[in-house]
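All remarks here apply to the structure that follows.
Every number here is computed from the coordinates shown, using simple stated rules; none is lab data. Every value quoted in this text rests on a predicted model; they were computed, and no experiment measured them. Glycine also receives a Cβ, built like all others from the backbone with ideal geometry; neighbour counts cover every protein chain displayed.
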Amino acid sequence: MITLGNYLALSGVIFSIGLIGVMTSRNVLKVLLSLELLLAASNLSFVAFSKFNGDYAGQLIVFFVILVAAAEVAIGLAIVVLMYRRLSTIQADELKELKW
Amino acid sequence: MSPYFFYLFAAILILASLAVVLARNPLYNVLSLVVAIFSLSCLFVLLEAFFVGMILLLVYAGAVLVFFLFVVMCLNLNALKLSSVQQSRFKWLGISVGLLFFASFGLAAKSFIKAQTMDASSIRGTIENIGRILFTDYLLPFELTSLLLLIAIFGIVSLAQGALSTGKDNENL
C-alpha cells in the first residue's frame, strides 16, 4: 500500500537532487533546470497532501505554481540569452561586475 | 496494481532528475527534465489529480521545456555528436517505446468505451471540482496571476529593448 510517507520521501529525494544541482552547477541554464526540479518536488508533495487529506486546495496551489514557474522561466531564459550576448558564456562565475 | 506503478514512475523520476543534474550535455539535461515531468504527471494521475497532471504536461513538457530547448539550440553551446553505434541503439529503443505507446493507446481506447457508461460525478479531482474552488475561494489569487503574467511580459520586453538599444550604442561607439 502506498501511503503519504512514500510520496513525501520521493518528493524529498527529488528536492535534494534539485538542491544539489542548484548549488553545485555553474552553468546558469543548469541552475534554472534544477530550480524546475525543486518546484516539481514541492508540487508532488502538494498533490499528495491534497489526495490524502481530501482537499482540492493543494491541487489548486500546484496550478498556481505552474503559472508562476512559466513566468519565472521566461524571465530567467531572457536573462540567460542577454548574458550570452554580452559575455559569450553562461558560466555564473563570469558575472563578476555589478554594472556593465 | 497501483504500488508497482508508483515504484516504476518513482524510479523513472529519480533517474531522470539525476540525469538533469549530472549530464554534461545541456541538451540531455533539458530532455531528461522532459522525462522527469512526464513521470511526475503520471504520479499525479495515480494521485487522482487528473487536471493538474494534464496542465503539467501541457505547460511544462509542451511549452516551458520547448522554450528551454529553443534557448539551448540558440546558444549552440556544444554541438551534439553521437556515434553511429549509439544512434542505432537509440533507434531500437525508440521503436520499442513507440510500440509500447501504441499498445497503451489501444488499452486507453478500450477503457474509453467502458468509461462512457460510468457516472462522471463519482470521479474525484476533475475540472469541475477544481474550477468550483478556483472561482469562489481562490478568485483573488487567480486574478492576481494575470497581473503577474502581464508583469512578466513587460519584463521580457524591457529586457529585449534594453539589449537592442545597448547594441546600437556599442555600434555607435
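Can you give the alpha-carbon Rg of the stretch A:4-94 over 2.2 N^0.38 Å, where N counts its residues? It would help to have the intermediate numbers written out before the result.
On the way: Rg = 15.7 Å, N = 91, 2.2 N^0.38 = 12.2 Å.
Ratio of Rg to 2.2 N^0.38 Å for the stretch A:4-94: 1.29.
A cut-off under 15 angstrom between Cβ atoms defines the neighbours of B:Ala19, and their net charge, with Lys, Arg +1 and Asp, Glu -1, is +1.
Annotation: the residues A:Lys96, A:Lys51, sorted from fewest to most other C-beta atoms within 10 Å of their own C-beta, follow the order A:Lys96, A:Lys51.
Shape index of the stretch B:1-80: Rg/Rh, with Rg the Cα radius of gyration and Rh the Kirkwood radius from the inverse mean 1/r over Cα pairs, equals 1.05.
Are there any GluC sites (Glu not before Pro) in the stretch A:21-100 that are in a DSSP loop and have at most 11 other Cβ atoms within 10 Å? List them by number. Kindly include the intermediate steps, with their values, before the conclusion.
Details: sites: A:Glu36, A:Glu72, A:Glu94, A:Glu97; in loops: A:Glu97.
For GluC sites (Glu not before Pro) across the stretch A:21-100 that sit outside H, G, I, E and B with at most 11 neighbouring Cβ atoms in 10 Å, the list reads A:Glu97.
Fewest to most neighbouring Cβ within 10 Å: what's the order for B:Phe154, A:Phe15?
Details: B:Phe154 10, A:Phe15 19.
Arranged by neighbour count, lowest to highest, B:Phe154, A:Phe15 become B:Phe154, A:Phe15.
All other residues with a Cβ under 14 Å from the Cβ of B:Val30 taken together, and with Lys, Arg as +1 and Asp, Glu as -1, what is their net charge? List each step's numbers first, then the result.
Details: positive: A:Lys30, B:Arg24; negative: A:Glu36.
Once positives and negatives cancel, what remains is +1.
Along each principal axis, taking the top coordinate minus the bottom one, the Cα set of the protein assembly as shown gives 72, 55, 33 Å in descending order.
Add +1 for every Lys or Arg and -1 for every Asp or Glu among the other residues with Cβ under 10 Å from the Cβ of A:Ile90, and state the total. Walk me through the numbers on the way to the answer.
On the way: positive: A:Arg26, A:Lys30; negative: A:Glu94.
Cβ neighbours under 10 Å give a net charge of +1.
Per-residue Cβ neighbour counts within 10 Å put B:Tyr60, A:Tyr7, B:Tyr4 in the sequence B:Tyr4, A:Tyr7, B:Tyr60, beginning with the fewest. Backbone geometry of the stretch A:24-30 corresponds, through the Karplus equation with coefficients 6.51, -1.76 and 1.60 at θ = phi - 60°, to 3J(HN,Hα) couplings of 9, 7, 9, 6, 5, 5, 5 Hz, x marking Gly and Pro.
Computed from Cα atoms, the angle from the helix A:57-87 axis to the main principal axis of chain A rounds to 10 degrees. Couplings for the stretch A:14-20, taken from phi via the Karplus curve 6.51 cos²θ - 1.76 cosθ + 1.60 with θ = phi - 60°, read 5, 5, 5, 4, x, 5, 4 Hz in order; Gly and Pro are left as x.
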